Amino acid sequence: MTGAIFKKAGVIGWPVEHSKSPLIHNEWLRRYGVKGSYGAIPVAPDDLGREIRRLAEIGFCGFNVTLPHKRAIMPLLDFVRAEAEKIGAVNTVVVTQDGRLEGRNTDAFGFIENLKAGAPGLDFKKAPAVVFGAGGAARAVVYALDREGVPEIRIVNRDMKKAQELTSLFRSARAYDWHAGADCLDGAGLAVNATSLGMAGMEDLDVDPARLPPGAVVNDIVYVPAQTQFLRRAAAAGYTTVPGLGMLLHQARPAFQAWFGVMPDVDDALKALVAG
Ligand code: NDP
């Protein structure tokens, strides 16, 4: 039995009811016998500065941050870790023992852990990677791939300016025109959809993954639906595919550890619970 003191954490957002985080963290609290709670806390943009201080005052050990606060919260914190600063977003806040608010980003960790679990043979240093998208999540993806030593990261985004901004931040990043289509896949070892295309209610990412060399890995960070059309096309063409739900689960692990003192595991039962 761990966690003799009752610990409180949660997720702030506006709206926040849709968040899967309470399901994940409460399952881990139960599994690991930690005395604590994790709730969804609606926080309107105008109340952000006041609410995050209030949570610390009433004894929260930390909280997750979801839309629309991931960037706006940064100047309101006492300090932000270098990784979150470079990614340009905070998704986790830890309240330190002396009551200060520390901002972190665990999306890069979640992305890479999911990829390593789903495609254990992938050699990051061997071939270029293609990332579709240059939004908030794509920045964490590019950060993670750059840190793994991917020799060239081809960023393909509808708004070319956002792709170019990433090339100025990451040595290995190159911006590709959205209309280049599947050309960017030639010779790549990995393709990642980090756009919102393919999400329930959105059109699909209309790129044929079959231009990838044999043995390449295809990952989609979209997790609703569990299998996007992009992944289904890749699987049908014989590539290893890695769905996005695992990223959501893995990104929650370091936050749980920081607040509750246990590094939790991701397994099929947790995936089924959250997908269900
Ligand atoms: P952002 O709004 O920051 O970025 C959206 C991205 O999608 C941009 O690159 C945007 O391009 C692109 N896009 C949107 N609509 C279109 C379109 N019609 N045609 C072409 N490109 C389009 O969102 P996030 O980065 O936060 O999230 C992106 C996706 O990642 C979402 O589906 C989200 O659910 C998922 N996600 C998954 C996580 C996980 O743990 N698995 C974690 C975080 C996010 P442009 O810049 O040109 O507008």
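Quick one: L231 ticks every box in (1) of a type in the set (A, V, I, L, M); (2) touching a Pro at 6+ places or on another chain (Cβ under 9 Å); (3) open to solvent by 20 Å² or more (accessible area, probe 1.4 Å) bar one, so which box is it?
(3)
Could you run through the stretch 119-174 and say how many residues are among the polar types (S, T, N, Q), within 14 Å of the ligand (Cβ to nearest atom) and not in a helix (DSSP H, G or I)?
1
Consider T195 against the criteria (1) of a type in the set (V, I, T); (2) touching a helix residue (DSSP H, G or I) at 6+ places or on another chain (Cβ under 7 Å); (3) under 21 Å from D208 (Cβ atoms): it satisfies all of them except one. Which criterion is unmet?
(2)
Looking only at the stretch 236-276, count how many residues are assigned to a helix (DSSP H, G or I), polar (S, T, N, Q) and buried (at least 21 other Cβ atoms within 10 Å of the Cβ).
Qualifying residue count, the stretch 236-276: 1.
How many residues are open to solvent by less than 20 Å² (accessible area, probe 1.4 Å) and in a loop (DSSP other than H, G, I, E, B) if we restrict to the stretch 84-106?
6
Going by what's in this entry, would N114 be described as of a type in the set (S, T, N, Q) and out of contact with any Leu (no Cβ under 8 Å at 6 or more places or on another chain)?
Judged against the criteria, N114 is not a match.
I'd like to know if the stretch 53-70 contains one or more residues that are β-branched (V, I, T), assigned to a helix (DSSP H, G or I) and crowded, with 18+ Cβ neighbours inside 10 Å.
No: the stretch 53-70 contains no residue that is β-branched (V, I, T), assigned to a helix (DSSP H, G or I) and crowded, with 18+ Cβ neighbours inside 10 Å.
Of (1) part of a loop (DSSP other than H, G, I, E, B); (2) within 16 Å of the ligand (Cβ to nearest atom); (3) in contact (Cβ under 8 Å) with a residue 24 or more places away in the chain; (4) small (G, A, S), G215 satisfies all except one. Which?
Looking at each condition in turn, G215 falls short on (2).
Looking at this structure, is L23 open to solvent by 70 Å² or more (accessible area, probe 1.4 Å), within 19 Å of Y223 (Cβ to Cβ) and assigned to a helix (DSSP H, G or I)?
yes
Just to check your reading of the model, which residue among D177, D220, D204 is within 16 Å of the ligand (Cβ to nearest atom) and crowded, with 21+ Cβ neighbours inside 10 Å?
Answer to the check: D220.
The values are calculated or read from the model by the stated rules, or taken from the named source; none is laboratory data. Every value quoted in this text rests on a predicted model; they were computed, and no experiment measured them. As a convention, Cβ positions derive from the backbone with ideal geometry for all residues, glycine included, and neighbour counts pool all protein chains shown. Please note that ligands, DNA and RNA were not included when accessible areas were found on the heavy atoms of the full protein model with its side chains. Shrake-Rupley method; radii C 1.70, N 1.55, O 1.52, S 1.80 Å.
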